[in-house]
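Okay, structure first, notes after.
The values are calculated or read from the model by the stated rules, or taken from the named source; none is laboratory data. No experiment lies behind these values; they were computed from the predicted model shown. A quick note on method: Cβ atoms are made from the backbone with ideal geometry, for glycine too, and the neighbour counts reach across all protein chains shown.
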Amino acid sequence: MTIHRKEAGYRPIGERIHDFSEVEQTLNTRDRQEQASRCMDCGVPFCHWACPLGNKCPEWNDALYRGDWERAYRILSSTNPFPEFTGRICPALCEKSCVLYLTDHEPTTNREDEAAISERAWQEGFVAPQPPLHRNGRRVAVVGAGPAGLAAAHQLNRMGYSVTVVERNEAAGGLLRYGIPNFKLQKQLIDRRIRLMEQEGIEFRYGVDVNLERLDNLDNLDSLEGQEPRPFDAYVVATGTPQARDLQVPGRELRGVHLALELLSQQNRVLAGQQFAKEERVTARGCKVLVIGGGDTGSDCVGTAHRQGCKSVVQIEIMPQPPVGDNPATPWPQWPVVLKTTSSHEEGCERRWLLNTRRFLGKDGRLTGVEVEEVEWLPNPEGGRPVMRGTGRVEVIEADMVLLALGFLKPQHPALPDNVFLAGDAASGASLVVRAIASGLQAAHRVDNYVRLHRQG
């Protein structure tokens, strides 16, 4: 391979930590097409196999390499309705299954290529409203306007259904808007997509808190405007995983201990112009921050804390440090469980592993530190998950802000009628945005099959 992988890279650290603009840069057109030329057009494209959406990476990379941006976008959008989102925040499962990742750890830059194709398509006018030619007279309510709900609404609308999306928050996007920081995904991209969906005939209702046990109450939405209630033929529930995993140890009630989304969602709302009273504001300014949890949400907390003006950030994880580079336990073409260093980590973060939180320490009701114990993981004599054991080595990490980034609990739903379909994290538990989009598309097809069957009946 004579052309090596070339990433666009990030803006300089000294510049980017002072704003919430996107950290990732872009390549020029020549370099981007050259990167697309690196795709091997494999006879068995493992990238296609790894992508939950079944994206046809070799095909749109070839079109991009040849300079046919419109064809590249048509191929890309045939499997992915929102490439402007996944092109920025997807972990790129396809790249880790690329043959070039196996041979030299330099996979094709699929994610960056995807983002470039999408943005060129919007700039050139290739993205335009495509309302259905005919409506089928059937109505579907989608509960939740996150990636799964938006994908379901998009697909059902294309099929000819009249779709109403109801959302409890003040705007659409779910965790795209209220979880992922602006420095990874600017919210005007979501607004741009929602405007297009509205032009295609999808209706959005905000500030609607839905009781899943009384979904039929949604039939009265139109009656608020003096119209006769019309029942929905089916419902898609895409409410995500609203309950974060908490850490109930002594001292949890201390001021300064927060769930990660309390910081992340509020910061995104502040950037959108919303104001909060001083006592309501969750900010890391001037704080020694401890992030508990080593995943992407924890990383987002690290980057946000820097931009808010923290003194320092430490991130701890109860599990062992993953291997660097390769992991024999997760061979190609599987997703490799290896150490991941994000742009936020590069901005300054002490990372530690094998630490279990024992209690939060404080004075006068305010957090001052966290007592942790080093642990080890031993083989389970009965097989399965290893067993954690404390080592007795205890220390106190000084902190006046703790952010709990421990994931989310899988939601438990009541018994639902046959015409209600779960999608995204509401069905699977917390997962990736790309999987949520795929699940939303699948839910739309299940709705269509149900409606067709009962229409015939």
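The rows are residues; the columns are (1) closer than 24 Å to Gly179 by Cα; (2) modelled with pLDDT under 95; (3) among the acidic types (Asp, Glu); (4) touching a strand residue (DSSP E or B) at 6+ places or on another chain (Cβ under 8 Å).
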{"residue": "Lys363", "(1), (2), (3), (4)": "no, no, no, no"}
{"residue": "Val372", "(1), (2), (3), (4)": "no, no, no, yes"}
{"residue": "Arg385", "(1), (2), (3), (4)": "no, yes, no, no"}
{"residue": "Gly392", "(1), (2), (3), (4)": "no, no, no, yes"}
Region 310-327, subset hydrophobic (A, V, I, L, M, F, W, C) and in contact (Cβ under 8 Å) with a residue 24 or more places away in the chain, residue nearest to Gly286 (Cα to Cα) = Cys310
Lone qualifier among Arg281, Arg285, Arg252 - being of a type outside the set (Ser, Thr, Tyr), at pLDDT 95 or above and not assigned by TED's automatic domain parsing to the domain that holds Ser343 = Arg252
remark   = Okay, strands (runs of 3 or more DSSP E) sitting entirely in region 293-412 with 3 or more residues that are more than 27 Å from the chain's Cα centre (by Cα), surrounded by fewer than 19 Cβ atoms within 10 Å (Cβ to Cβ) and not acidic (Asp, Glu), I get 355-363, 366-378, 387-398
inquiry  = For the condition out of contact with any helix residue (DSSP H, G or I) (no Cβ under 9 Å at 6 or more places or on another chain) and in contact (Cβ under 8 Å) with a residue 12 or more places away in the chain, what is the one hit in Leu261, Leu247?
reply    = Leu247
request  = Test each condition in (1) under 28 Å from Gly429 (Cβ atoms); (2) in a helix (DSSP H, G or I); (3) touching a Phe, Trp or Tyr at 6+ places or on another chain (Cβ under 9 Å) for Asn157 and report the one that comes out false.
outcome  = (3)
inquiry  = From the list Arg138, Arg120, exactly one residue is surrounded by fewer than 22 Cβ atoms within 10 Å (Cβ to Cβ), within 26 Å of the chain's Cα centre (by Cα) and among the basic types (Lys, Arg). Which is it?
reply    = Arg120
ask   = without any contact (Cβ under 8 Å) to a residue 60 or more places away in the chain and assigned to a strand (DSSP E or B) - does that describe any residue in region 222-240?
value = no
request  = Inspect region 93-103 for any residue being under 23 Å from the mean Cα position of the chain (by Cα), at pLDDT 95 or above, farther than 18 Å from Leu196 by Cβ and of a type in the set (A, V, I, L, M) and give the result as yes or no.
outcome  = yes
inquiry  = Being surrounded by fewer than 22 Cβ atoms within 10 Å (Cβ to Cβ) and of a type in the set (A, V, I, L, M, F, W, C) is the filter here; which residues of region 150-165 pass it?
reply    = Met159
task = Scan (1) part of a helix (DSSP H, G or I); (2) in the same structural domain as Asp418 (by TED's automatic domain parsing); (3) more than 16 Å from the chain's Cα centre (by Cα); (4) among the β-branched types (Val, Ile, Thr) for the single condition Val210 breaks and write down its number.
result = (1)
ask   = Out of curiosity, is Cys47 outside the structural domain of Ala436 (by TED's automatic domain parsing) and within 24 Å of the chain's Cα centre (by Cα)?
value = yes
ask   = So which residues in region 46-75 are of a type in the set (Asp, Glu) and out of contact with any Cys (no Cβ under 8 Å at 6 or more places or on another chain), if there are any at all?
value = Glu59, Asp68, Glu70
request  = Tell me, yes or no, whether region 170-184 has at least one residue that is surrounded by fewer than 21 Cβ atoms within 10 Å (Cβ to Cβ), touching a strand residue (DSSP E or B) at 6+ places or on another chain (Cβ under 6 Å) and not basic (Lys, Arg).
outcome  = yes
request  = Sort out which residues of region 265-288 are surrounded by 13 or more Cβ atoms within 10 Å (Cβ to Cβ), within 14 Å of Tyr178 (Cα to Cα) and not hydroxyl-bearing (Ser, Thr, Tyr), and write them in order of number.
outcome  = Gln266, Gln267, Asn268, Arg269, Val270, Leu271, Ala272
The lone exception for Phe126 - which of (1) within 15 Å of Ser77 (Cα to Cα); (2) in a helix (DSSP H, G or I); (3) not polar (S, T, N, Q) it fails = (2)
query = Does Val237 satisfy the condition of being farther than 21 Å from Gln412 by Cβ, of a type in the set (Val, Ile, Thr) and modelled with pLDDT of 95 or more?
reply = no
task = Identify the single condition in (1) basic (Lys, Arg); (2) outside any helix (DSSP H, G or I); (3) over 17 Å from Gly201 (Cα atoms) that Arg135 does not satisfy, given that it satisfies every other one.
result = (3)
request  = Kindly provide the set of residues from region 315-367 that are on the phi > 0 side of the Ramachandran plot and among the acidic types (Asp, Glu), ordered by number.
outcome  = Asp364
note = Per the filter on region 69-96, residues in contact (Cβ under 8 Å) with a residue 24 or more places away in the chain and in a loop (DSSP other than H, G, I, E, B) are Thr79, Asn80, Pro81, Phe82, Cys90, Pro91
